[in-house]
Amino acid sequence: MRSAILLLLISLLLGCQDIFTTSYLSSFKKDASDMNSKEIAEYLSTTPLSEIPAADLLAAEETLDNSRITLSESDLTNPVKVQQYLDETAQLIAINMEQANIDGLIEDVLSLGDSEEDSDFLTNLVEDSDRLANIEEASSYAVDAFLVDPESLTSTELVIGSVGLVGNILQDEDRLTDLSEAADLETATLITAGFTADEIDDIQTASEMLELAKSGLGDDMASLFEGLPF
C-alpha cells in the first residue's frame, strides 16, 4: 500500500481536488440513521461534509450502500437509471473521502519538512487502517462508476480508482517488479509475466483510468505519472 498511498498523495497535490468542491450530502434535518436513501438525497445544502458528525456519515453510507441500485445489461441503455446509479456512487465516494479526512491529509503533506518526525509521516499513514479502508472504499466505488461511464469521474477519482485496482500488486515487491519489467500491458505479455486473468483485467482497467485522468491534466502535471508501471 505504500506505493499506492504515494501515488494518491501525488494526485491530491496536483491541484485536481475537484471531488471536494461539491458536497453531495451536505446537511441533515434529522439523524441520518432515521432517514431512507431518498430523504438523504433530498437533504442537500451548502454545509460541507466536514461539518457532518461522523456518526451521521457512517449511517448515511450504510443506507446509501444498501439502497444503491444495481444495473442490469438492459439498464445501461436507460439514462435515468444510469444517472441514478452514478449519483448514488458519487455520494459514496464523497463520504469515504471525507471519512479519510483527505483535506487534513493534504494540509499535513504540505507542512512536511525534513525532520525525522516528518519522515515517519508516510509510515504512520500506511499503518492507519481506518483511513486506508476509507480510501480503498472510495477507490472501489470509483471503479464501479468508471465501468458504467468513464466520463462521469473527476481526475482525482480516476487516479484513486486506478491505484486501488492494482494496490495489492504495488505493495508486493516481486509482483511490482514483474509489472515494471513487462514490455507492455497486452494480455499475452502479462500472462507470460505470471499474472492471473483477474489481475490482468485490473491492470488494464487501471491503466485506462490513469490515462483518462492524465488527459484531464496539463502536460506538466501528467508528466508526474510517467514511469509508473501501469
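Label separation (K81 vs S223): 4.7 nm, computed from points 7 Å beyond Cα along the C-beta direction.
Here the range 129-229 has 45 percent of its accessible surface on carbon and sulfur atoms, given a 1.4 Å probe and all protein chains in place.
The amide H of D149, built 1.01 Å from its N in the peptide plane, has no neighbour under 5 Å, considering only residues 5 or more places off or on other chains. Most tightly packed first, judged by the mean number of other beta-carbon atoms within 10 Å of their residues, the peptides 208-216, 136-144 read 136-144, 208-216.
So, taking all protein chains as they sit and a 1.4 Å probe, how much accessible area belongs to R131, in Å² rounded to tens? Its accessible surface works out to 40 Å², give or take rounding. Quick one: grab the alpha carbon gyration tensor of the range 147-230, order the square roots of its eigenvalues as a ≥ b ≥ c, and give me rounded if a/c is under 1.5, else prolate or oblate depending on whether a/b is larger than b/c. Verdict is prolate for the range 147-230. A crude spin-label estimate for the pair D198 and A183, with each label 7 Å from Cα along the Cβ direction, gives 2.9 nm.
The values are calculated or read from the model by the stated rules, or taken from the named source; none is laboratory data. Values in this document were obtained by computation on a predicted structure and should not be read as measured data. Here Cβ is always computed from backbone atoms with ideal geometry, including for glycine, and neighbour counts include all displayed protein chains. Keep in mind that these areas ignore ligands, DNA and RNA; they rest on the heavy atoms of the full protein, side chains included. Shrake-Rupley method; radii C 1.70, N 1.55, O 1.52, S 1.80 Å.
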